[in-house]
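Accompanying notes for the structure given below.
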Amino acid sequence: MIVMKFGGSSVSTPDRIRNIVSITKKAISRKLVVVCSAFGGVTNQLIELARLAVNGQTQWESDFQKLAHRHLDVVRALVPLQRQSIVSAQIKIQLNELEDVLHGVFLVKEYTPRSLDYIMSFGERLSACIISEAFTASGIPAHYADARQFICTNNRFGAAQVDFLATNRLISEYFRQVNGLPVVTGFIASTPDGQTTTLGRSGSDYTAAILAAALDAHELEIWTDVDGIMTADPKLVKKAFTIPEMSYEEAMELSHFGAKVIFPATMRPVMQKGIPIHIKNTFNPEGRGTLIRSGPVNGKLVKGISSIAGISLLNIQGSGMVGVVGISRRLFEALALHGVNVILISQASSEHSICIAVEANQGRLAKEAIENEFRYELRDRLIDAVHLSEDHNIIALVGDGMRHHPGTSGRMFSALGKNGVNVTAIAQGSSERNISAVIAGADCKKAITALHDAFFLSKIRTLNLFIAGTGLIGSTLFRQIAGQQQKLAAGNHLELRLAGVANSKFMLFDADGIDFSTAITRLSKTGEPMNLQAFMHRVIGLNLPNSVFVDCTASEDVAALYHHFLSASIAVVTPNKKANSGAYVVYRTLKQISAETGAPYLYETNVSAGLPVISTLNDLLLSGDRIQRIEAVLSGTLNYIFSSFTEGKNFSEVVAEAREKGFTEPHPRDDLSGMDVARKMLILARETGLQTEPEHIYAENLVPPECRREMPVDVFMQELKKHDRTFEALRKKAEENHARLRYVAELDNEKISIGLKAVPPEHPFYSLTGSDNMLIFTTRRYSQRPMIIRGPGAGAEVTAAGVFADIIRISNQFRQVWPDIIP
């Protein structure tokens, strides 16, 4: 035997009722019992009718007529013409009875829980009557079974308790005599003296479970509008998926913590008899669904992540609690007397504090109850003032596989910590089946998404990117990522999701992702006006897990926002040197915030585009090496100019050539001033541990004094020609000494020098050509043969590639919270 329960969404329209008839026909070879809920939304409509009537509002009459027409329309749609008048008459009798009750409520302006139960019962009574006729019309003889005839309860109206001894006997007697397919009213029952009662939340599921247990069914099928129990709420986590199998205990834990597909009361009757529960989707009947059964199931570490919203947290602490017997008893007795349900308890082993979580609407009541119970201890300051904190959520990891498996909680809190989610309280039962944590309500979506990625998508790492700047570097980065996405997903199990993009004019956000290949076009067409502060608040406010802010601008204003992002646990990647080459306190603060929040702050491209300079330097220092000397050619522009400045060429001609090839800044004066090299060398010095300020660095300015005033580029180039002889004399002197000119930055004994040098043939810089950079690290370990890093130090392609590499580096830092060992 199979007991099949169909929920309100499954029977809300004639077409959906035809669908459940079709589903049932496929299983008709077995003995079946069908349990039906009221048509979708009808129970709430009945409650609203009662509310309108008791408040004396005549609107109940028109709303009642709509309800009546809905049911009679379904009869006309499903019942053959020759039976319509009979069935319609039966439905009208019930509707007239309901109308009389509502009219009575309207007249006396009063209803009781008993009368409300009676009013609500009409939903299931009407639906089961109509659906049984639909089965008969389809060729399956059906029998309308009113559950009030065999489910017996006490008189606790609204949430009646079942008398299982009487109920099991009545079910056995009733179904022994039934012919045809029983179509049972869910949700409703009756007292021994025949008063109508209801079974409370998810009552129709409970009805089906009671029947399945009493009839020793082979399986209980719960047909609903989802594909089963999901790994997380799909409204919060878009990548949530159906859990194929789980144990009763796991399902109980998940249902307690907010999973609404099934409720604990439903499971108790069938759990005692080991009858499996199969959650199926009426609208995807071929789907696998979720099978709930006894015993360990499929061995996965975590089965689901659930949450409860609207939680208040109360903390009771004080020296007067330590070692005092009975404190906990008094606390929970006081709460029980006031009807406060405690959802979570956390107590320090020192006995100095107890933390409890309650529903938000009971928070102030709980506080008053505690203060009254411990009024003398509070007066004598043996216990501190009771602290009530609101707007919290409880999140819970659930899974039998967590038992005796070390490291699960560590992995959980690492994932939360990496995303800046603060945990206020923690609880774990001795069964090790559940780990619960209280967090700020605003962090719930981010927390659950981060945990879901960590425990269910361990091979798919997702970074949410927010990119500012769509110029040469930014647009190149978009193109590079777009071209590499498939390979990253297939080979590296990495998804880069563009959640926001901005330039100086527009900003655009989409938490579901923006296509990298069309992002700039979409930004210009649909973006809203750019406001830097609004952009920052939106990035932080979206609160997405594994967020990374990428600054592809050269703006000081954008760089000034880094500390806000890092403080919100949002990683920062930037080729923009402004933050790191300004005041030392800014550089130090950003590094400190990064260390405190765990949000990476990466700026490899600050010095030599995509060359691994900063990472190499840091690796040397972290491994215990000591930097003795750094020599560097850090300007691709200046190296191109001086490596191309040979006999027969004027200096101004070479500068013009570099400008034509796009090697210089828009104004070549900015390159020739040496300030860009000074900023890069300042950053390197700070990376070695020096607290150097910008004013401590002198860089030789190659711009002739007469050319340093503001002037258009073409005027500057004309003025520069007047100084060709000066530069030619420098070149010739170097050549006579068998040397070549290079613009060199040096750090030696904590002293920095930057300027034009003539380097001899044996020096590595002598052979440096084009726009390449070169850095020479002389260290304690690399003293005889210094470490040399050489390659392109400028250009959109290599700079964007360096930024891209930093983004990948961040995904690798998150790898520890995406453990590959989880199935």
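If only one of Thr637, Thr664 is assigned to a loop (DSSP other than H, G, I, E, B), closer than 20 Å to Leu741 by Cα and at pLDDT below 95, which one is it?
That would be Thr664, the only listed residue that is assigned to a loop (DSSP other than H, G, I, E, B), closer than 20 Å to Leu741 by Cα and at pLDDT below 95.
Which members of the range 613-652 meet the condition of being of a type in the set (D, E, K, R) and either in contact with an Asp or Glu (Cβ under 8 Å, 6 or more places away or on another chain) or open to solvent by less than 60 Å² (accessible area, probe 1.4 Å) (or both)?
Of everything in the range 613-652, those that are of a type in the set (D, E, K, R) and either in contact with an Asp or Glu (Cβ under 8 Å, 6 or more places away or on another chain) or open to solvent by less than 60 Å² (accessible area, probe 1.4 Å) (or both) turn out to be Asp625, Arg629, Glu631, Glu647.
Of all residues in the range 709-752, how many are of a type in the set (Lys, Arg), modelled with pLDDT under 95 and either in a loop (DSSP other than H, G, I, E, B) or touching a Pro at 6+ places or on another chain (Cβ under 8 Å) (or both)?
1
If I ask for residues that are hydrophobic (A, V, I, L, M, F, W, C) and either in a helix (DSSP H, G or I) or surrounded by fewer than 17 Cβ atoms within 10 Å (Cβ to Cβ) (or both), which ones from the range 413-422 would you list?
Phe413, Ala415, Leu416
Quick one: would you say Ser524 is more than 27 Å from Ser307 (Cβ to Cβ) and of a type in the set (Gly, Ala, Ser)?
The answer is yes for Ser524.
How many of the residues in the range 463-517 are without any contact (Cβ under 8 Å) to a residue 24 or more places away in the chain and among the basic types (Lys, Arg)?
1
Using the structure shown, decide if Leu301 is closer than 23 Å to Leu236 by Cα and part of a loop (DSSP other than H, G, I, E, B).
yes
Restricting attention to the range 243-256, does a residue exist that is over 26 Å from Thr43 (Cβ atoms), of a type in the set (A, V, I, L, M, F, W, C), under 38 Å from the mean Cα position of the chain (by Cα) and open to solvent by 40 Å² or more (accessible area, probe 1.4 Å)?
Among the residues of the range 243-256, not one is over 26 Å from Thr43 (Cβ atoms), of a type in the set (A, V, I, L, M, F, W, C), under 38 Å from the mean Cα position of the chain (by Cα) and open to solvent by 40 Å² or more (accessible area, probe 1.4 Å), which makes the answer no.
Suppose we filter the range 703-725 for residues that are open to solvent by 20 Å² or more (accessible area, probe 1.4 Å) and free of Cβ contacts under 8 Å to residues at least 40 places away in the same chain; how many remain?
The number of residues fulfilling the criteria is 12.
Can you pull out every residue in the range 89-127 that is open to solvent by 80 Å² or more (accessible area, probe 1.4 Å) and of a type in the set (D, E, K, R)?
Of everything in the range 89-127, those that are open to solvent by 80 Å² or more (accessible area, probe 1.4 Å) and of a type in the set (D, E, K, R) turn out to be Lys92, Asp100, Lys109, Glu110, Arg114.
Can you name every residue in the range 74-88 that is surrounded by 12 or more Cβ atoms within 10 Å (Cβ to Cβ) and touching a residue at least 40 places away in the same chain (Cβ under 8 Å)?
Of everything in the range 74-88, those that are surrounded by 12 or more Cβ atoms within 10 Å (Cβ to Cβ) and touching a residue at least 40 places away in the same chain (Cβ under 8 Å) turn out to be Val74, Val75, Ala77, Leu78, Val79, Arg83, Val87.
Select from the range 659-702 the residues that are farther than 23 Å from Leu622 by Cα, open to solvent by 30 Å² or more (accessible area, probe 1.4 Å) and not charged (D, E, K, R) and list them in ascending order.
Gly662, Phe663, Pro666, Met675, Pro694, His696, Tyr698, Asn701
Among the helices (runs of 4 or more DSSP H) confined wholly to the range 182-290, which include 2 or more residues that are at pLDDT 90 or above?
Answer list for the range 182-290: 203-214, 264-273.
Is it the case that some residue within the range 430-438 is part of a helix (DSSP H, G or I) and either under 23 Å from the mean Cα position of the chain (by Cα) or acidic (Asp, Glu) (or both)?
Checked the range 430-438: no residue is part of a helix (DSSP H, G or I) and either under 23 Å from the mean Cα position of the chain (by Cα) or acidic (Asp, Glu) (or both).
What number of residues within the range 138-156 are open to solvent by 50 Å² or more (accessible area, probe 1.4 Å) and at negative phi?
Count: 8.
Quick one: count up the residues across the range 777-807 that are under 30 Å from Arg659 (Cα atoms) and either within 36 Å of the chain's Cα centre (by Cα) or part of a loop (DSSP other than H, G, I, E, B) (or both).
So the count comes out to 14.
Just give me the residues in the range 318-332 being open to solvent by 60 Å² or more (accessible area, probe 1.4 Å) and in contact (Cβ under 8 Å) with a residue 40 or more places away in the chain, in sequence order.
Answer for the range 318-332, where residues must be open to solvent by 60 Å² or more (accessible area, probe 1.4 Å) and in contact (Cβ under 8 Å) with a residue 40 or more places away in the chain: just Ser319.
Lys591 - would you say it is open to solvent by 10 Å² or more (accessible area, probe 1.4 Å), among the charged types (D, E, K, R) and touching a residue at least 60 places away in the same chain (Cβ under 8 Å)?
No: the conditions fail for Lys591.
Please enumerate the residues belonging to the range 409-420 that are touching a strand residue (DSSP E or B) at 6+ places or on another chain (Cβ under 7 Å) and not hydrophobic (A, V, I, L, M, F, W, C).
Ser409
Filter the range 549-569 for residues that are over 22 Å from the mean Cα position of the chain (by Cα) and either open to solvent by 60 Å² or more (accessible area, probe 1.4 Å) or small (Gly, Ala, Ser) (or both) and give the result.
Listed by number, the residues that qualify are Ala554, Ser555, Glu556, Asp557, Ala559, Ala560, His563.
Determine which single condition Glu495 fails, assuming it passes every other condition in (1) open to solvent by 10 Å² or more (accessible area, probe 1.4 Å); (2) charged (D, E, K, R); (3) touching a Leu at 6+ places or on another chain (Cβ under 9 Å); (4) at pLDDT 95 or above.
Of everything listed in (1) open to solvent by 10 Å² or more (accessible area, probe 1.4 Å); (2) charged (D, E, K, R); (3) touching a Leu at 6+ places or on another chain (Cβ under 9 Å); (4) at pLDDT 95 or above, Glu495 misses just condition (4).
Tell me whether the range 348-369 contains one or more residues that are in contact with an Asp or Glu (Cβ under 8 Å, 6 or more places away or on another chain), charged (D, E, K, R) and at pLDDT below 90.
no
Could you figure out which of (1) at pLDDT 95 or above; (2) over 23 Å from Ile394 (Cβ atoms); (3) surrounded by 17 or more Cβ atoms within 10 Å (Cβ to Cβ) isn't true of Ser312?
Answer for Ser312: the failing condition is (2).
The values are calculated or read from the model by the stated rules, or taken from the named source; none is laboratory data. Predicted, not measured: the structure shown is a model, and the values here were computed from it. Note that each Cβ is placed from the backbone with ideal geometry, even for glycine, and that neighbours are counted across all protein chains shown. Ligands, DNA and RNA are stripped out before the accessible areas are found, and what is left, the full protein with its side chains, is counted by its heavy atoms. Shrake-Rupley method; radii C 1.70, N 1.55, O 1.52, S 1.80 Å.
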